[in-house]
Ligand SMILES: NC(=O)c1ccc[n+]([C@@H]2O[C@H](COP(=O)([O-])OP(=O)(O)OC[C@H]3O[C@@H](n4cnc5c(N)ncnc54)[C@H](OP(=O)(O)O)[C@@H]3O)[C@@H](O)[C@H]2O)c1
């Protein structure tokens, strides 16, 4: 392990975009010796003024530290950036956003090159990095031993949550949370479209909406319990038949307000399909079953 006079291990960080730069500043602020590399070298200049050492090549950065963190655009850029690097004996932590399949393939790629591999999914935006109690964290999965060895270093810049030895799990968790967020913001867009042209304070409406969405998150626990038990009728408070009737009011209101139903309709159609299967007494959890399609 590299040691600097801070006594902390050196970190080699590849990628100085918005997120990489935030990580770099947070490690420097926490007193970690840091080697940085970026495809466009000028992005490293402000950081060298703050104590980082800039490597001329990615291979040189990799050679400088046991812990190598890649924070690049996509999985392809990780492969191309590291093409000439000697990864033997290195611990590669790739926090570049990718799919579970890309993480598993990248783990095998790293293993063949003699490195331990951990994939990361960053649940934060750059201003949250290095800020205690910001709520930002990173999901990690892959080599448990490598994670344990570097956990303190990783935790110096964000929360660090290890979710399993299957390298794909961090990205799966990341994408699952982002997918839920996407659906939530689709609903938020629809809600604002309904009220924006009426005599409604949008700021006041936003407060009501935020509180409502927070209150409704309790339902995710009941969904988990129902999926685990296979019993979709116990624990629900609003059965599917009732919810489908309610949806018809949502769609009709959209029509009255001159708002497209293109965000709302796909979900309501799935609920209608489940109801048509005679599952009106269930919770909406049965929609999860309808979403299963062959893997690609
Ligand atoms: N920003 C966020 O809010 C956020 C939040 C969560 C996760 N993330 C994830 O963090 C990762 C980095 O995001 P970012 O915001 O830092 O992105 P960014 O500002 O767009 O920076 C992209 C970085 O990738 C480098 N790069 C692109 N193609 C490359 C290639 N072929 N070879 C080598 N380097 C290449 C760029 O180098 P150049 O400077 O030379 O172009 C730059 O350092 C992404 O996977 C992103 O999904 C970001």
What helix-only [θ] at 222 nm does the chain give? Using -39500 (n - 2.57) per DSSP H run of at least 4, over all residues, to the nearest 500, the answer is -15000 deg cm²/dmol
Taking every DSSP beta bridge with both residues inside the chain, roughly what % is antiparallel (nearest 5)?
25 percent
Relative contact order, percent, region 189-296 [alpha-carbon distance under 8 Å, six or more residues apart]:
32 percent
I need 67, 202 ordered by Cβ neighbour count within 10 Å, fewest first.
202, 67
Once you have a ≥ b ≥ c as the square roots of the Cα gyration tensor eigenvalues for region 130-172, tell me rounded if a/c is under 1.5, and otherwise prolate or oblate according to whether a/b is larger than b/c.
oblate
State the Cα centre-to-centre distance between region 100-127 and region 235-296 in whole Å.
37 Å
Longest principal axis of the chain (C-alpha) makes with the long axis of helix 265-276 (C-alpha) an angle, in degrees to the nearest 10, of 60 degrees
How big is Rg to Rh over the chain, alpha-carbon atoms, Rh as the Kirkwood inverse-mean-distance radius?
1.07
With an 8 Å Cα cut-off and a minimum separation of 6 or more residues, compute the relative contact order for the chain in percent.
11 percent
Where both partners of a DSSP beta bridge lie in region 1-128, what percent of those bridges are antiparallel, to the nearest 5?
5 percent
Global geometry of region 31-90, whether rounded, prolate or oblate, following the gyration tensor of its Cα atoms and the 1.5 cut on a/c
oblate
For region 4-65, shape from the Cα gyration tensor axes a ≥ b ≥ c, cut at a/c of 1.5 then a/b versus b/c, turns out oblate
Which of the peptides 190-199, 24-33 is most tightly packed, and how do the rest follow, going by the mean number of other Cβ atoms within 10 Å of each residue?
24-33, 190-199
If I take every Cα pair under 8 Å that is 6 or more residues apart in region 116-209, average their sequence separation and divide by the length, what percent do I get for the relative contact order?
26 percent
Relative to the chain, whose Cα atoms define the longest principal axis, helix 169-195 and its Cα axis are tilted in degrees, nearest 10, by 40 degrees
Specify the angular offset, from 0 to 90 degrees and rounded to the nearest 10, of the alpha carbon long axis of helix 144-155 from the longest principal axis of the alpha carbons in the chain.
90 degrees
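Any read-out appearing in this document is the output of simple, stated calculations on the displayed coordinates, not a laboratory observation. A quick note: this is a predicted structure, and the numbers were derived from the prediction, not measured. With ideal geometry, Cβ positions are generated from the backbone for all residues, glycine too; neighbour counts draw on all protein chains shown.
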